[in-house]
Amino acid sequence: MLKRDFRRIDGKRVLLVEQLEWNYSEPDESEFGSGVPKTITRLQRGRFGDTMVIRTDQGERSEDASLPVLTRDLPDFGDWRELLFAGDSEDEAGVARMSPGDDPFAMLAHISGAEGIWRVKPVLPQRKSDVRLVERFPPPSRHTEAAATLWSPPRPMQPDPRVLDLTGPKASLMLRSEISVVESHTAGMLRMPTGQVMAGAPDDYFLGQREPYTVSVPPGSYEFVLRVAHGANMDPRVAAAGFVIRKERVASWELAVVPGEDPRLLRDSEAYCFGVDGGTACFADASVTEWIASLWRDDEAPPRQTQVAGVRMSDAEDQESGANVIAFSSGWGDGCYPVWIGRTDGGSVACFVADMRLSD
């Protein structure tokens, strides 16, 4: 059994982002059963031209996969053969051959015997994948309505405006079986000489290699706000943090991405995030990432910490550029955190906000 997930990337092409192959060994195994071995082949980090990660029950490995290997011409609606099947070069008995006019599903129904093999077009070079016919059934005589929805479009991670609205009112949330209150607290001014936005972990050794987000803001200084959650039995936690460009109502939210990331490639509940491995996140102008990395790496006592609404934060300035970095404790601690861009009714950027995902 084979499932492939293609995403349309322009008017004429689709990109393969994931393949699932169920490797049945017995004819009576439950279809899609949890114990059936699977081979999962997917784009690493959902980036164009990246490597493919191949995960099996025996482990995980990576293979190079250029964009031409993973893209296919967009077929006519209903003509999916080019996305799945290909003829076989070997002259082997029991191999189903295709011609342009063949209906692949009707052919599958008429292949006889367990020796019948339907050749599946391989995802990666040097890999051959076979779907072996064990039983055959006649095609249905008429259309029958499915008892449940067979497919729905993927729904990546969604923003929660109650948490992300930096200029909004208090909000009540259920966090770890307790009602908590989230409210905004001004934590300083973020000075950005170039307007190229970067978010990440300040103690990340590779922070200097992190690219800015594709959306920038006008150079300037912006109010930095922490959205802090607190409850009767919970220490204050940063629920969201970011800076305000325009104090206007946020009409829509979009996921902030760096070059090479594309939200169309995301699967259910996924988002592009920055990683934290030391309990601290930050925002800064992208021109000073090297300075930030060296500051946290070389100084045994990083910038002096202060308290805002019961949560720790720090603010340090690069004397040469005038840019500063504002760092803050990251939600429950280490993890992977998305950044959202709020836009006004007119489409202008109103804010950048890191979601600390307290409700996960």
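Tally up the residues in segment 249-299 that are in contact with a Lys or Arg (Cβ under 7 Å, 6 or more places away or on another chain), small (Gly, Ala, Ser) and either surrounded by 20 or more Cβ atoms within 10 Å (Cβ to Cβ) or assigned to a loop (DSSP other than H, G, I, E, B) (or both), please.
Matching residues across segment 249-299 total 2.
Which numbered condition trips up ALA256, out of (1) without any contact (Cβ under 8 Å) to a residue 60 or more places away in the chain; (2) touching a Phe, Trp or Tyr at 6+ places or on another chain (Cβ under 9 Å); (3) under 30 Å from LEU67 (Cβ atoms)?
Going through the list (1) without any contact (Cβ under 8 Å) to a residue 60 or more places away in the chain; (2) touching a Phe, Trp or Tyr at 6+ places or on another chain (Cβ under 9 Å); (3) under 30 Å from LEU67 (Cβ atoms), ALA256 breaks only (1).
Considering only residues that are in a loop (DSSP other than H, G, I, E, B) and small (Gly, Ala, Ser), which ones fall in segment 201-214?
ALA201
Mind telling me which of the residues ASP50, ASP88, ASP103 ends up being under 25 Å from GLU270 (Cβ atoms) and modelled with pLDDT under 70?
Testing whether each residue is under 25 Å from GLU270 (Cβ atoms) and modelled with pLDDT under 70 leaves just ASP50.
For GLY242, which of the numbered conditions (1) touching a Pro at 6+ places or on another chain (Cβ under 7 Å); (2) at pLDDT 95 or above; (3) not basic (Lys, Arg) fails to hold?
GLY242 satisfies every listed condition except (1).
Checking PRO169 against (1) touching a Lys or Arg at 6+ places or on another chain (Cβ under 8 Å); (2) farther than 16 Å from ILE341 by Cβ; (3) at pLDDT below 95, only one condition comes out false. Which one?
All conditions pass for PRO169, except number (1).
Name every residue in segment 330-353 that is assigned to a strand (DSSP E or B), among the small types (Gly, Ala, Ser) and crowded, with 22+ Cβ neighbours inside 10 Å, in order of residue number.
Within segment 330-353, GLY342, ALA350 meet the criteria.
Here are ARG132, ARG119, ARG136: which of them is touching a Ser or Thr at 6+ places or on another chain (Cβ under 9 Å), at pLDDT below 95, exposed (fewer than 15 other Cβ atoms within 10 Å of the Cβ) and not polar (S, T, N, Q)?
Values: ARG132 fails: touching a Ser or Thr at 6+ places or on another chain (Cβ under 9 Å); ARG119 fails: exposed (fewer than 15 other Cβ atoms within 10 Å of the Cβ).
Testing whether each residue is touching a Ser or Thr at 6+ places or on another chain (Cβ under 9 Å), at pLDDT below 95, exposed (fewer than 15 other Cβ atoms within 10 Å of the Cβ) and not polar (S, T, N, Q) leaves just ARG136.
Hey, any hits in segment 215-227 for a residue that's outside any loop (DSSP other than H, G, I, E, B), at pLDDT below 95 and either crowded, with 19+ Cβ neighbours inside 10 Å or in contact with a His (Cβ under 7 Å, 6 or more places away or on another chain) (or both)?
No.
Residues ALA232, ALA199: which one is under 25 Å from LYS170 (Cβ atoms), out of contact with any helix residue (DSSP H, G or I) (no Cβ under 7 Å at 6 or more places or on another chain) and surrounded by 18 or more Cβ atoms within 10 Å (Cβ to Cβ)?
Only one candidate passes the filter, namely ALA199.
Of everything in segment 235-247 that's assigned to a strand (DSSP E or B) and of a type outside the set (A, V, I, L, M), which residue is surrounded by the fewest Cβ atoms within 10 Å (Cβ to Cβ)?
The selected residue is ASP235.
The values are calculated or read from the model by the stated rules, or taken from the named source; none is laboratory data. Remember, it's a predicted structure, so these values are computed and weren't measured experimentally. Neighbour counts are summed over all protein chains in view; Cβ atoms, including those assigned to glycine, are modelled from backbone coordinates with ideal geometry.
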